[in-house]
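Read the structure below first, then the notes.
The values are calculated or read from the model by the stated rules, or taken from the named source; none is laboratory data. All figures in this text were calculated on a predicted structure; none of them were measured in a lab. We place every Cβ from the backbone using ideal geometry, glycine too, and count neighbours over all the protein chains shown. These area figures cover heavy atoms from the full protein model, side chains too; ligands, DNA and RNA do not enter into them. Shrake-Rupley method; radii C 1.70, N 1.55, O 1.52, S 1.80 Å.
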Amino acid sequence: MRSENTPFVGGPLDGRVLPVLVGPTGHPPKWYEVPVPGDDDTPPTVYAYRRVPAGYTRRLGLRRGWKYEYAPDGKERRALKWPWSKPKGAP
């Protein structure tokens, strides 16, 4: 499997560059979760990082790669949006 060195911004991994496995499209996952084991009987803490573009080129506006930003609220839960579903406000 191929990996890509990806920088992390914020949180406990701030400033680190870690190799992250990329998928078949060549992109790293949208979310990166880091489990930290708890002491004694406490449950493990999970730190979440969201994938964002690292920057853009000046001339063509192409993406220069990815970086991960710390998400203190955790991973966002999204509802599935099917084309045949009604909007939430509709009766």
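Answer yes or no as to whether Ala71 is in contact with a Gly (Cβ under 7 Å, 6 or more places away or on another chain) and either surrounded by 10 or more Cβ atoms within 10 Å (Cβ to Cβ) or on the phi > 0 side of the Ramachandran plot (or both).
Numbers: in contact with a Gly (Cβ under 7 Å, 6 or more places away or on another chain): no; either surrounded by 10 or more Cβ atoms within 10 Å (Cβ to Cβ) or on the phi > 0 side of the Ramachandran plot (or both): yes.
Considered against the rule, which asks whether it is in contact with a Gly (Cβ under 7 Å, 6 or more places away or on another chain) and either surrounded by 10 or more Cβ atoms within 10 Å (Cβ to Cβ) or on the phi > 0 side of the Ramachandran plot (or both), Ala71 comes out as no.
Of all residues in segment 13-22, count the ones that are over 9 Å from Ser3 (Cα atoms) and either among the basic types (Lys, Arg) or part of a loop (DSSP other than H, G, I, E, B) (or both).
Step one: of segment 13-22, the residues over 9 Å from Ser3 (Cα atoms) are 13-18.
Filter once more, keeping what is either among the basic types (Lys, Arg) or part of a loop (DSSP other than H, G, I, E, B) (or both): 14-16.
Selection size over segment 13-22: 3.
Yes/no matrix, rows are residues, columns are (1) in contact (Cβ under 8 Å) with a residue 12 or more places away in the chain; (2) hydroxyl-bearing (Ser, Thr, Tyr):
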residue	(1), (2)
Val34	yes, no
Pro37	no, no
Arg64	no, no
Tyr68	yes, yes
Lys75	yes, no
Trp84	no, no
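Please tell me if Val9 is at pLDDT 90 or above, over 24 Å from Arg78 (Cβ atoms) and within 16 Å of the chain's Cα centre (by Cα).
Details: at pLDDT 90 or above: yes; over 24 Å from Arg78 (Cβ atoms): no; within 16 Å of the chain's Cα centre (by Cα): yes.
So Val9 fails the test.
Which count do you get for residues in segment 16-36 that are more than 15 Å from Ala71 (Cα to Cα) and open to solvent by 60 Å² or more (accessible area, probe 1.4 Å)? Don't jump to the end; show me each part of the working.
Taking segment 16-36 first, the residues more than 15 Å from Ala71 (Cα to Cα) are 16-28, 36.
Cutting the leftovers down to open to solvent by 60 Å² or more (accessible area, probe 1.4 Å) gives us 16-17, 19, 21, 24-25, 27.
Final tally of qualifying residues: 7.
Taking segment 1-19 on its own, how many of its residues are in contact (Cβ under 8 Å) with a residue 24 or more places away in the chain and within 19 Å of Arg63 (Cα to Cα)?
5
Would you confirm whether or not segment 58-68 contains a residue that is surrounded by fewer than 14 Cβ atoms within 10 Å (Cβ to Cβ), out of contact with any Pro (no Cβ under 7 Å at 6 or more places or on another chain), assigned to a strand (DSSP E or B) and modelled with pLDDT under 95? Walk me through it before giving the result.
As a first pass, look at segment 58-68 and keep what is surrounded by fewer than 14 Cβ atoms within 10 Å (Cβ to Cβ): 58-65.
Now restrict to residues that are out of contact with any Pro (no Cβ under 7 Å at 6 or more places or on another chain): 58-62, 64-65.
Narrowing further to those that are assigned to a strand (DSSP E or B): none.
Taking every residue of segment 58-68 in turn, none turns out to be surrounded by fewer than 14 Cβ atoms within 10 Å (Cβ to Cβ), out of contact with any Pro (no Cβ under 7 Å at 6 or more places or on another chain), assigned to a strand (DSSP E or B) and modelled with pLDDT under 95.
Listed here are the residues, each with its yes/no results for (1) out of contact with any Leu (no Cβ under 8 Å at 6 or more places or on another chain); (2) in a strand (DSSP E or B); (3) polar (S, T, N, Q).
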residue	(1), (2), (3)
Pro28	no, no, no
Glu33	yes, yes, no
Gly38	yes, no, no
Asp41	yes, no, no
Tyr47	no, yes, no
